[in-house]
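Below is one structure, written out as structure tokens, with a few remarks after it.
The values are calculated or read from the model by the stated rules, or taken from the named source; none is laboratory data. Just so it is clear, the structure is predicted and the values come from calculations on it, not from any experiment. Reconstructed Cβ throughout: ideal geometry from the backbone, glycine too, with neighbour counts over all protein chains shown. SASA here: full protein model, heavy atoms, side chains in, ligands and nucleic acids out. Shrake-Rupley method; radii C 1.70, N 1.55, O 1.52, S 1.80 Å.
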Amino acid sequence: MKPERDLVASALRDPAALVSWTLAEWDLLVRQARRAQLLARICWLMHERGLLQQVPEQPRAHLEAARVVSDKQDRAIRWEVNRIRHALTRVGIPVILLKGAAYVMAELPSAHGRLFADVDILVPKEKLPEVEAALMMHGWAATLHDAYDQRYYRTWMHELPPMTHVKRETTIDVHHAILPETARLHPDPVKLRAAAQPVPGAQDLQVLAPVDMILHSATHLFSDGELEHGLRDLSDLDGLLRHFSAEADFWQHLASRAQELDLARPLYYALRYTQRILTTPVPDSAVAMAGAGRPSRLLEWLMDALFLRALRPDHASCADFFTPAARGLLYVRSHWLRMPPLLLVRHLLHKALVSPKDD
Amino acid sequence: MNVSALTAAELGRRLRGCGLSLRTGAFVALVRSSVPSVAEGIGALYADFPLEENSDFADFHIGLEPPRDLRRWIYPQIVFDFDGHAPFKPLPFDQAFPMFEWGLNWCVSSHSHQYLIIHAAVMEKDGFAVIMPAPPGSGKSTLCAALVNRGWRLLSDELALIRKDDGQAVPLPRPVSLKNASIEVIRNFEPTAFINRECRDTIKGTVAHMKPPRDAVLRAQETAKPGWVIFPRYRKDAATVLQARPKGGTLMAVADNAFNYSLLGTAGFHMLADMIDACDCYDFTYSNLDQAIEVFAALQPPAP
Amino acid sequence: MLTTEWVVDGDAALLLRQWGDECVVYNSVSGDTHLLNALGGVALTSLLQAPATADGLAQRVASQLGFEADEALLETIGTLLGDFERIGLIRQHPLQ
Amino acid sequence: MQEKNRNHEIGMAAPGQLPGDAPDSESRRKFGKAGLAVGSAVILTVASRPVLANYGAMCKTPSGFISGNVSQHGNPPPSQGLTPGYWKNHYGTGDWPSPYKCGTLKGTRCSNWDSWNNDGTRVCTDYTGGVFRCKSYCSSYATYTVSSYSKKTGYKTTTQPYSLMQMLWMGGSMDQYEFGAHMCAALLNAQHGYTDCLSVQAVKDMWNECDQKGYYEPTAGVKWYPQDCVAYLKSTMS
């Protein structure tokens, strides 16, 4: 392996040290962080520590420009959530926000300098038709016109086909579970919904309970096949763990909830890789408690080889000879985890033969 | 050291090797390319531009190379590479130089939100800048090319950069892009101006670039205070008319022609409104360049 | 019967600039910028000062501009309030 | 109220120019009553540009980005249809997308549905070229009766099929919730390709289901009555 060149992880681990970085290091950091969608977060970390003005002028301009985009996205998310609540008033269920939108509305540190692609919400499965109709009524429309894709989503996935707003061009993913029905793991969405907590000042708006939020983030990251922004997601996890671990019995609660929701394995990975890559302060006792999710030695060795590569910024300077293979294997793995073998073969064949990507 | 200090061979070697650190206004672009037309274009049009020697930081890492696929043997193409990723579809190989220009504009307009960026030509005289936003086909670049050959200093023919803290227009002098008939118009209007080889059949038709006046390049760090917002419109045989336009409507039109007005939020609104407030705003219809020059020469700085 | 009062939406932080008869308003919540005509400018400034029913607003606007609050003005104000609500500048708030 | 106003900031070009102040004679002149009725108070809107959807997503051509339509940043325009008001006032050659025909005016002005001959595309599928099923709930959109009197035959009534254009102009109690007008506009939008999310077949399905059951089922178990359909169709129109 080449020497460690993931400057973004170094920057996230120790932002204060950035003030003594050379311009050449900044040059590479800005490029890697832009690719990893973490430029704005680094800006925030420096700002928070009162160190932004000590960053040399040229890289500082890029940090601040990225911050402009993430600030705008923060406002746009709030407006989008406002519109979603408005659209779903008549359905009469609380809207549970997931991932980025939840971090923003719950004012969590993981929202700082974060970039978004869409808004994700969780609703009861039996309410899906009503929710979909209500969203259609307010300007959201299905974007997948391919009948196979539509059927694939509706039959096998844990969410509706993505819907895009015709005027604002924003996308919403409506989930009824956090993993597909066909997946190897089966976290019960009823338990997640039951433990959800209201956002201060908005009765009809909820976010997952802290431990569930962490488990969802971990599940998403470690069963996903496309990890271009994996480091960003790992940094979210780092932020959540640091923020919530101040609560009493947090680690105990996290480990037992993981068992209860059938998510011990993703939790194990989350603790392992946040610790390894971002030096997140996870006590040994917590690692021991999450030990139930530990894979075999061989599998752990393999996962280290894959994730420690794929969780770097997707930039040439962070790649070694095995990086493309690692990303490719994780892509295949994500499908493997998501559906039974026969369905997987059928799906991949269809994707390869019938609907080649349009680019 | 300027680009002109390099021999053609040395320029080509740098572009093929570790890259050419080119400074344009507030930005440094590190350009790599093995394509001869890119080296030729940079050598001819960027001759007066400074090179950033010994600089470890570049704002934009740019490459222009043919894609590595089988098509290159049948239908050669060119890809604009932005630090390892291709933001655009490939173009035909002989459009490499225009693609460099367009790509560099994209780099600035989508990453430099320390400025309010308006799609407009900007020229300066006596410390005041005229900002000419306009949709394509309005004759903005032609008028800009003519004015900068008649005493106005070129700040940019495409991107007005308005600085956040003081509302000053920041120069980004670069070659002026000319299209179709306007190439010939400017050749006739100012025979001493250097205009490079024409590139036909691009999406915008035939395009060529005019070398920016040396003075504009040397004074690239000198900002100017926005004094006028003028919407030009070329109309065949039209009389030369400069007509005041209402400020509210002007704000809306400039906002619509800005790249990042919406991104900047309240700051963007304040910047734009302050700028409009301080400027005299006009619609300008013309067909005759000499008359246009006279009208612009007679512009008075706005009342404070 | 007019039973609702119109208020400028408390969430919508509005920035206004006025040049003569023109009024430009920026809604920092939606991020949209609107150019209002003279009547729109007068009506919005008036609503910023205090909420009003459609009737009341017509009265205020008419007295400011120095003409009668007749049927035609009331109708125009009604449309204007609908437009303002649609773009998220104001909202209805039931009168006690 | 003071509290609420804190968020709002008012800037002005110069004191005395604020429209809220007593107007000078010039602006009063401009304010003539005639001026009041013209157009919307919101003259123009520059909408916030999408930043969530594919920020940094790549546009197709660099020149399209830099010199093309800056407003769209190279993305395809969002699909938005036109309103019934547009379609009923645009009846020139080529205004309506083929195969739909708007038909001809009886006179030179149109003020209501009866200003039109019914020689355009028919509403009801019972007639050649007709579009929508009008057997049950929507039967009132199928035909109207014309009475004529002559000395020879006395009073005589004939049944005439409505055209799409006549339906657009119905309004009032003839077209409750403007259901017919909006369905027609949606049909023309879809045929013109203005609405990606709504195909011609989807528009016909919506109408035909309403005709059969009195409501449309967009998703399992959800019922959209005609007024709901109208609300939905409005969201597809700009």
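Go through (1) surrounded by 17 or more Cβ atoms within 10 Å (Cβ to Cβ); (2) within 11 Å of chain D (Cβ to nearest Cβ) and name the single condition C:I90 misses.
With respect to (1) surrounded by 17 or more Cβ atoms within 10 Å (Cβ to Cβ); (2) within 11 Å of chain D (Cβ to nearest Cβ), C:I90 is out only on (2).
Got a sec? Which of A:Y273, A:Y268 is farther than 15 Å from A:L240 by Cβ, touching a residue at least 12 places away in the same chain (Cβ under 8 Å) and buried (at least 22 other Cβ atoms within 10 Å of the Cβ)? It would help to see each step written out before you state the result.
Values: A:Y273 fails: farther than 15 Å from A:L240 by Cβ.
From the options A:Y273, A:Y268, the qualifying one is A:Y268.
Only one of these conditions is not met by A:L278: (1) in contact (Cβ under 8 Å) with a residue 12 or more places away in the chain; (2) open to solvent by 10 Å² or more (accessible area, probe 1.4 Å). Which number is it?
Just one mismatch for A:L278, condition (2).
So, in the range C:3-47, how many residues would count as being more than 7 Å from every other protein chain (Cβ to nearest Cβ) and open to solvent by 10 Å² or more (accessible area, probe 1.4 Å)?
6
Here is a yes/no grid of residues against (1) under 19 Å from B:V130 (Cα atoms); (2) in a loop (DSSP other than H, G, I, E, B):
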residue	(1), (2)
B:R233	yes, no
B:A239	no, yes
B:Q243	yes, no
B:V254	yes, no
B:L264	no, no
B:D283	yes, no
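Report whether or not A:R60 is away from chain D (no Cβ under 14 Å) and in a helix (DSSP H, G or I).
Details: away from chain D (no Cβ under 14 Å): yes; in a helix (DSSP H, G or I): yes.
Yes: the conditions hold for A:R60.
Out of curiosity, is B:A193 surrounded by fewer than 21 Cβ atoms within 10 Å (Cβ to Cβ), in contact (Cβ under 8 Å) with a residue 40 or more places away in the chain, closer than 21 Å to B:G43 by Cα and away from chain A (no Cβ under 14 Å)?
Working: surrounded by fewer than 21 Cβ atoms within 10 Å (Cβ to Cβ): yes; in contact (Cβ under 8 Å) with a residue 40 or more places away in the chain: yes; closer than 21 Å to B:G43 by Cα: yes; away from chain A (no Cβ under 14 Å): yes.
Against the criterion (surrounded by fewer than 21 Cβ atoms within 10 Å (Cβ to Cβ), in contact (Cβ under 8 Å) with a residue 40 or more places away in the chain, closer than 21 Å to B:G43 by Cα and away from chain A (no Cβ under 14 Å)), B:A193 qualifies.
Residues of the range A:148-168 being crowded, with 20+ Cβ neighbours inside 10 Å and closer than 23 Å to D:A47 by Cβ, which ones?
Residues satisfying the conditions are A:M163, A:T164, A:H165, A:V166, A:R168.
Looking only at the range B:249-298, count every residue that is hydroxyl-bearing (S, T, Y), open to solvent by less than 40 Å² (accessible area, probe 1.4 Å), away from chain C (no Cβ under 14 Å) and in contact with a Leu (Cβ under 9 Å, 6 or more places away or on another chain) and tell me the total. Steps first, answer last, please.
Going through the range B:249-298, the residues hydroxyl-bearing (S, T, Y) turn out to be B:250, B:261-262, B:266, B:282, B:285-287.
Applying the additional criterion that residues be open to solvent by less than 40 Å² (accessible area, probe 1.4 Å) yields B:250, B:261-262, B:285-287.
When the remaining residues are screened for being away from chain C (no Cβ under 14 Å), the result is B:285-287.
Keeping just the survivors that are in contact with a Leu (Cβ under 9 Å, 6 or more places away or on another chain) gives B:285-286.
Adding up the residues that qualify gives 2.
Being touching a residue at least 40 places away in the same chain (Cβ under 8 Å), within 14 Å of A:T89 (Cβ to Cβ) and within 7 Å of chain D (Cβ to nearest Cβ) is the filter here; which residues of the range A:121-145 pass it?
A:M137, A:H138
Does D:Y149 count as out of contact with any Leu (no Cβ under 8 Å at 6 or more places or on another chain) and aromatic (F, W, Y)? Write out each step before concluding.
Numbers: out of contact with any Leu (no Cβ under 8 Å at 6 or more places or on another chain): yes; aromatic (F, W, Y): yes.
For D:Y149, the condition - out of contact with any Leu (no Cβ under 8 Å at 6 or more places or on another chain) and aromatic (F, W, Y) - is met.
Quickly run through the range B:92-111 and pick out the residues that are open to solvent by less than 10 Å² (accessible area, probe 1.4 Å) and over 15 Å from the mean Cα position of the chain (by Cα).
B:Q95, B:A96
Residue by residue through the range A:20-38, note down the ones that are within 17 Å of A:L52 (Cβ to Cβ), of a type in the set (A, V, I, L, M, F, W, C) and open to solvent by 10 Å² or more (accessible area, probe 1.4 Å).
Scanning the range A:20-38 gives A:W21, A:L23.
Check A:G230, A:G239 and return the single one that is of a type outside the set (S, T, Y) and open to solvent by 10 Å² or more (accessible area, probe 1.4 Å).
Details: A:G230 fails: open to solvent by 10 Å² or more (accessible area, probe 1.4 Å).
Sole residue among the options that is of a type outside the set (S, T, Y) and open to solvent by 10 Å² or more (accessible area, probe 1.4 Å): A:G239.
If the Cβ limit is 8 Å and pairs must be 6+ apart or interchain, which residue in the range B:86-101 that is within 12 Å of B:S177 (Cβ to Cβ) pairs with which residue that is of a type in the set (D, E)?
Between residues of the range B:86-101 that are within 12 Å of B:S177 (Cβ to Cβ) and residues that are of a type in the set (D, E), the close pairs are B:F97/B:E40.
From the list B:A29, B:A47, exactly one residue is within 30 Å of B:T223 (Cα to Cα), in contact with a Phe, Trp or Tyr (Cβ under 6 Å, 6 or more places away or on another chain) and either assigned by TED's automatic domain parsing to the domain that holds B:T223 or not in a helix (DSSP H, G or I) (or both). Which is it?
On the way: B:A47 fails: in contact with a Phe, Trp or Tyr (Cβ under 6 Å, 6 or more places away or on another chain).
Residue meeting the stated conditions: B:A29.
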